[in-house]
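Please find one structure pasted underneath; my questions will follow.
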Amino acid sequence: MLWSYTTWGMTPQEQQAYKVRKEAFVTNTPDSSVFESQCIIIFTVLSYWAWKTLTAKAFHEDHGNPKYIRGGIIKEWLIFVAPVMVAMLGMGWKLRLTLAVGLAAWGIYNVKTGLPDKPIRHDKWAKDPRAVAYDSSMADNGKGNSAVTRISPKGYLTASRAMLMVQTCFAILAVDFNVFPRRLSKSEDYGNSIMDLGVGAFVFTAGLVGAKPLLREGRYSNYSVAGSSAMWLVLRGLKTAAPLLGLGLIRLVTVEKTNYQKHVTEYGVHWNFFLTLGLLPLFVPLCLKYIMPFNQPRVAGYIVASAYQLLLLGGLEDWIMGPDRSNLIAENKEGLCSFLGYLATYLIGMGLGKDLLPDPPTWEARADLPIGVLAEWVLTWQAYMIFEHIFGIKTSRRLANLSYVLWVSWSVTVILWFMLVIENWVDGRLPPRLINTYLPSWYRAPRLLDAVNQNGLVTFMFANLLTGAINLTLRTLDVPDSAAIVILAVYMVAIFVPCTLLYYRGIRLK
């Protein structure tokens, strides 16, 4: 029974001993590999393939499709969330491979049984009827004004961003149980585990959507950043930063008051991830103003990452990795210094978002978009290989160094590329009369994941609260694997409750 694994009745000495045991449990973990991390996140692609073909089949057969809408949330949980648990709990390669093949085969079955072939052009010189339908819908919505930047919801962006959030929320609790493989937890100094990737991917995808308000106000050079003072930019950023900084301070006080375990080499003695996120809205506009104000946040990101790497090579890395904790800055050196790497990651994500968020004005531009994303993936992957394997700059989440920034960038970009190709290919199989910008919301994006996107901060905060409550209530290290899996499954249902309720009430908390 679970009650036998609770912390109730423990003496202060037993509580302190257990805290030390838990801190040791997440220290000096074995390293995973880039290959294994990519194999885990590739389940996001396979889940999206299965969901996309299922909804396209349903939409083709019945545009209203009450059959899909009924129980849709449950179906989406099984398609997207359950595979995450299987992939991240290390249940064996055979089970992982079976699940991967099953998702791929299900998608193929949906295509073969429910989607029509591409329209046949009897006149090879005639324009593709899908292109005619798409270009016409874009012209109607833009009212003939080609200069209008239209941004409509994109399923692959919604799914990829929300799935990274889901994986992060799952990992922050699962890592406290023995059932979670140690090699997948955060590396001590250098490494490429899935949890190392998760925090960087979280920031990268935040940068993706961070380009939206800038695009809506026009070119970056005409955006209010260019003509504003640094003080005004900081004050404006505080509106977004204040809730995150507040959560960071609340977490700091809570951890100290409850004697909650903490991994000092992760962010430092007092620092936490909420504080890192809270500083981004203050520094991103300053980078766009002073480093690269000419519509190139991606270039600004690489400048920041390169300059930070030079500082690391100049001796900063030795200080961060060293034992010095002599003052407040030294106590939080990991969080303060790695912020520059996360700032660069955000800016690079913003640059990609600038390319992906606007609706392609023509069918031809829509077909060309995956080529640009593929080129960015190849270039960042090659740069990563050069710095990691030729120059010997090992990937480090603790430092958030240049190799880490590049690894996060190409890892997220390749997932986006696969999902973009899937979305374009599946949508291209729909009859021309259905290819327009008025597709129903249940077809555009999974509603469960859309709910997470609409209230991502609420989801992340609630997951952290549940994680803290479970850790303060249970001796997670002593819980049997079977019971741990049940607890994690219930937890992965519970974290969706607040965002789903808000979603169906039309409430969006930023």
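Is the stretch 186-200 home to any residue that is of a type in the set (Asp, Glu), surrounded by 15 or more Cβ atoms within 10 Å (Cβ to Cβ) and either at pLDDT below 85 or outside any loop (DSSP other than H, G, I, E, B) (or both)?
yes
Among what's in the stretch 31-78 and is of a type in the set (Ser, Thr, Tyr) and surrounded by fewer than 19 Cβ atoms within 10 Å (Cβ to Cβ), pick the residue that is modelled with the lowest pLDDT.
Within the stretch 31-78, the first condition is being of a type in the set (Ser, Thr, Tyr), and the residues that meet it are 32-33, 37, 44, 47-48, 53, 55, 68.
Cutting the leftovers down to surrounded by fewer than 19 Cβ atoms within 10 Å (Cβ to Cβ) gives us 33, 68.
On the way: 33: 86, 68: 56.
Only one residue fits best here, namely 68.
Taking the stretch 146-178 as the search range and keeping residues that are at pLDDT 90 or above and β-branched (Val, Ile, Thr), which one is farthest from the chain's Cα centre (by Cα)?
Here the residue is 175.
If you don't mind, there's one more thing I want to ask. Restricting attention to the stretch 210-252, and to residues there that are part of a loop (DSSP other than H, G, I, E, B) and of a type in the set (Gly, Ala, Ser), which single residue is modelled with the lowest pLDDT?
Filtering the stretch 210-252 down to residues part of a loop (DSSP other than H, G, I, E, B) leaves 211, 217-219, 223-229.
Right, trim to of a type in the set (Gly, Ala, Ser) and you get 211, 218, 224, 226-229.
On the way: 211: 86, 218: 48, 224: 59, 226: 63, 227: 66, 228: 71, 229: 77.
Here the answer is 218.
How many residues does the stretch 20-30 contain that are part of a helix (DSSP H, G or I) and surrounded by 13 or more Cβ atoms within 10 Å (Cβ to Cβ)?
The total comes to 4.
Could I ask something else about it? Filter the stretch 385-417 for residues that are closer than 23 Å to residue 45 by Cα and over 15 Å from the mean Cα position of the chain (by Cα) and give the result. Break it down into steps so the answer makes sense when it comes.
Applying the first criterion (closer than 23 Å to residue 45 by Cα) to the stretch 385-417 yields 404-417.
Scanning the stretch 385-417 gives 404, 406.
Return yes when residue 139 is more than 18 Å from residue 424 (Cα to Cα) and modelled with pLDDT under 90 and no when it is not.
Values: more than 18 Å from residue 424 (Cα to Cα): yes; modelled with pLDDT under 90: yes.
Yes.
Sticking with this structure for a sec: Within the stretch 268-276, is even one residue surrounded by 21 or more Cβ atoms within 10 Å (Cβ to Cβ) and of a type in the set (Val, Ile, Thr)?
Yes; the residues of the stretch 268-276 include at least one that is surrounded by 21 or more Cβ atoms within 10 Å (Cβ to Cβ) and of a type in the set (Val, Ile, Thr).
Would you point out the residue of the stretch 332-381, among those that are hydrophobic (A, V, I, L, M, F, W, C) and without any contact (Cβ under 8 Å) to a residue 24 or more places away in the chain, that is surrounded by the fewest Cβ atoms within 10 Å (Cβ to Cβ)?
So the first thing to find is which residues in the stretch 332-381 are hydrophobic (A, V, I, L, M, F, W, C), and the list is 336-337, 339-340, 343-344, 347-348, 350, 352, 356-357, 363, 365, 367, 369, 371, 373-375, 377-379, 381.
If we keep only those that are without any contact (Cβ under 8 Å) to a residue 24 or more places away in the chain as well, we get 365, 371, 375, 378-379.
Working: 365: 14, 371: 10, 375: 12, 378: 14, 379: 14.
The selected residue is 371.
Would you check which residues across the stretch 80-95 are surrounded by fewer than 20 Cβ atoms within 10 Å (Cβ to Cβ) and either β-branched (Val, Ile, Thr) or over 18 Å from residue 483 (Cα atoms) (or both) and list them?
86, 92, 93, 94, 95, listed by residue number.
Are any residues in the stretch 69-117 outside any loop (DSSP other than H, G, I, E, B) and of a type in the set (Asp, Glu), and if so, which ones?
Within the stretch 69-117, 76 is the sole residue that qualifies.
With surrounded by fewer than 16 Cβ atoms within 10 Å (Cβ to Cβ), under 27 Å from the mean Cα position of the chain (by Cα) and not in a loop (DSSP other than H, G, I, E, B) as the only criterion, which of 255, 304, 284 stands out?
255 is the lone residue from the list that is surrounded by fewer than 16 Cβ atoms within 10 Å (Cβ to Cβ), under 27 Å from the mean Cα position of the chain (by Cα) and not in a loop (DSSP other than H, G, I, E, B).
Then there is this: Identify all residues within the stretch 360-380 that are under 11 Å from residue 417 (Cβ atoms) and in contact with a helix residue (DSSP H, G or I) (Cβ under 8 Å, 6 or more places away or on another chain); write none if there are none.
Of everything in the stretch 360-380, those that are under 11 Å from residue 417 (Cβ atoms) and in contact with a helix residue (DSSP H, G or I) (Cβ under 8 Å, 6 or more places away or on another chain) turn out to be 369, 370, 372, 373, 374, 376, 377.
Moving on. From the list 258, 254, 240, 276, exactly one residue is touching a residue at least 40 places away in the same chain (Cβ under 8 Å), within 25 Å of residue 458 (Cα to Cα), among the β-branched types (Val, Ile, Thr) and touching a Pro at 6+ places or on another chain (Cβ under 6 Å). Which is it?
Values: 258 fails: touching a Pro at 6+ places or on another chain (Cβ under 6 Å); 254 fails: touching a Pro at 6+ places or on another chain (Cβ under 6 Å); 276 fails: touching a Pro at 6+ places or on another chain (Cβ under 6 Å).
Every option except 240 fails the conditions.
The values are calculated or read from the model by the stated rules, or taken from the named source; none is laboratory data. This structure is a prediction, so every number in the text was calculated from the model and none was measured. Glycine gets a Cβ as well: all are built from the backbone with ideal geometry, and neighbour counts include every protein chain shown.
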